1. With the requirement that a residue be within 25 Å of Asn568 (Cα to Cα) and of a type in the set (Val, Ile, Thr), what does the stretch 399-423 give you?
2. Scan the stretch 397-408 for residues that are touching a residue at least 60 places away in the same chain (Cβ under 8 Å) and touching a helix residue (DSSP H, G or I) at 6+ places or on another chain (Cβ under 6 Å) and report the count.
3. Examine the stretch 57-73 for a residue that is acidic (Asp, Glu), part of a helix (DSSP H, G or I) and at pLDDT 90 or above, and state whether such a residue exists.
4. Out of everything in the stretch 442-457 that is outside any helix (DSSP H, G or I) and surrounded by fewer than 19 Cβ atoms within 10 Å (Cβ to Cβ), what residue ends up being nearest to the chain's Cα centre (by Cα)?
5. Take the residues in the stretch 107-148 that are outside any loop (DSSP other than H, G, I, E, B) and of a type in the set (Lys, Arg); name whichever of them is farthest from Ser228 (Cα to Cα).
6. Looking only at residues in the stretch 582-602 that are touching a Pro at 6+ places or on another chain (Cβ under 7 Å) and within 23 Å of Ser529 (Cβ to Cβ), which one is surrounded by the most Cβ atoms within 10 Å (Cβ to Cβ)?
7. List every residue pair whose Cβ atoms lie under 6 Å apart, where the two residues are 6 or more positions apart in sequence or sit on different chains, the first residue falls within the stretch 117-132 and is not assigned by TED's automatic domain parsing to the domain that holds Arg230 and crowded, with 23+ Cβ neighbours inside 10 Å, and the second residue, located anywhere, is of a type in the set (A, V, I, L, M) and assigned to a strand (DSSP E or B).
8. May I ask you to list pairs of residues, at least six apart or on different chains, whose Cβ atoms are under 7 Å apart, with the first in the stretch 179-207 being in the same structural domain as Gly509 (by TED's automatic domain parsing) and the second being hydroxyl-bearing (Ser, Thr, Tyr)?
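The values are calculated or read from the model by the stated rules, or taken from the named source; none is laboratory data. Treat the numbers as computed from the prediction; the structure is a model and nothing was measured. Cβ sites come from the backbone with ideal geometry, for glycine too, and all protein chains shown count toward neighbours.
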Amino acid sequence: MLTRCPVKCTIIFSVLVCSISLGHSDRLGYYCTSDGNYTSNSIYKKNLDSALANLYSAANASNSGFYNASVGEGSDRVDAFVLCRDDVQPDICRSCVKDSTDMLRKSCPNQKEAFEWYQECMLRYSNNSILNKVVTEPTWRLRGDYVEDGAQFNQNLRDLLDDLKAQAIQRKFATGKTRGPQFKTIYGLVQCTPDLSSIQCSNCLDNAIGYLSTCCSGRIGAQILKPSCRLRFEVVQFYNETTGTDAQPPSRSQLPRPVAGKEDNSNQTLIIAAVVIVGCAILLLVLVCIIKRKKNQMTATGTLLDDSMEDMNSTGSLQYDFGTIEVATNHFSDRNKLGEGGFGAVYKGTLQNGEEIAVKRLSNGSNQGQQEFQNEVILVAKLQHRNLVRLLGFCFEGTERLLIYEFVPNASLDHFIFDSARRSYMDWEKRYKIICGVARGLLYLHEDSRLRIIHRDLKASNVLLDTEMNPKIADFGTARLFNMDETQGITRKIVGTYGYMAPEYAFYGQFSAKSDVFSFGILVLEIVSGQKNHSFQNGENVENLASFVWKNWQEGTASNIIDPAIKNNSASIREMIKCIHIALLCLQENVTNRPTMDSVMLMLNSFSVALAVPLEPAFFISSSIDPELPLLADDNNSRVSDKSSDYSINRDPITDLHSR
């Protein structure tokens, strides 16, 4: 679709110079009937030549795209029409009309009825009346290779074609697209001859759509060509949106009358010049608007916040005075510093009433920090769950941005499971309790809270542990809010942490609850093994944890994955293996194969539930950038910082992405 410019977008056109290059049309097929023949010197032959010549003359005199002609009487009468696709330019249409009228006479040298299909147009002639009648045979088909997950693909395709048919029965032409499985976009086109009524068009398209199930089920693309209608679908865009249905061109529902006589060359020249200039102007406008849009860094659909603080004003009761927090943290002294992340330092503090708090002080001048600050204030303040960290309040005063949380004394999960000394303290009972608690927290975010939240950065360092080792999911600065009827979103800004990212998110910016499920699967493997995903130590070899787990799972040696510190508890081995099984299901490359968090909770709490057989897990990332570093990447360079290091990257060069 054409991109809309911002209101302030001002374009000055000084000179437009465009050239048009025309080539031969792409012929798809033809059919010569056996209903009757004619001889080379017959009256029918002369009438056919005249009718086809009239079609070409009409195409040169008009841009309607549908041309019909009738010449002769009785048994020597010839009816003919040619129909171009609505989305092709007039000059391309005229070229297709010429090619088709030339070629069909050569291909069917003496048959009185024939059909011919090109990518850009279709031609038909007969010794019978052909207007206002539905003809569904003969059928010409072209089809591509088979697609993975054919059942889901077929369902998405059918929904798209049904929508396009609903549009086409009125306008006789429609194009559109929909999201398919395996991150594919399905593009579709349907067309009826404009002489048909709405009911006739609907019947023809129903016949074509029904034909798909017998010829092309599970195919990655196909064309069904009939005398009265056509349809096509592909996983690459093949139609022109600027003049197609998406741009709402003028309807061709009214039939043009056959045109005879000489061409008006001057009018034709003016029409062509006007079309070329308007087309070039639209193209340039689109390009300028795209550049302007990127320049302005407009927020993608689904953004939780805008630049205003209106929503924050509604949470005013949570606002703290900066002086109060400054005193509580001993003026943000290094002695009170608990750590530092990509958006700022975290300090321990004690309020005057003795309550201990954790204060995140966002870095001055960080636009990303500002957005994270608003996210957490507006979002976390509305969430209440024992497995989510509790936001006590906030402070924004001058350039200061502070977030005040409950103090969680045992720091984060990574300080235990990845520490050689503390790991032994984390027996299986504690680890299983943490796995179940994180699962409950995610389920609340996805399904049970009054807001539907996708965390987008679940990892061991974002799981805090209280005095009883209960897990609390923290850091909602990168979270996204969904309406209750939404299931997924797409963003131009990829945020999160490399080693925990689902492939559809890292590659395409597509995120959903299943993206969090993928991160949960990585986290479970880390908890069971006591090793980091990106640097799993296997003897002298360092490899990816997910690939190591899969290799052992296939070989029936899943117990090799378990942390030696908990492996001696033979009574819990079965439960550990079950958690590995669940984690592998969460890591499936196909989003639809991953369980929901509701299903994960059911699997964790019952041994009677039959678990599906996992397939090979999704890709892993081998990169010169630490996979644990938080990522903030969009179309321009963005800052990535953690600990004391800064990295500058952009969205495209995710280094050395290997399939599994």
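1. Ile417
2. Count: 3.
3. There is no residue in the stretch 57-73 that is acidic (Asp, Glu), part of a helix (DSSP H, G or I) and at pLDDT 90 or above.
4. Arg452
5. Arg143
6. Leu587
7. Correct list of pairs: empty, since none qualify.
8. none
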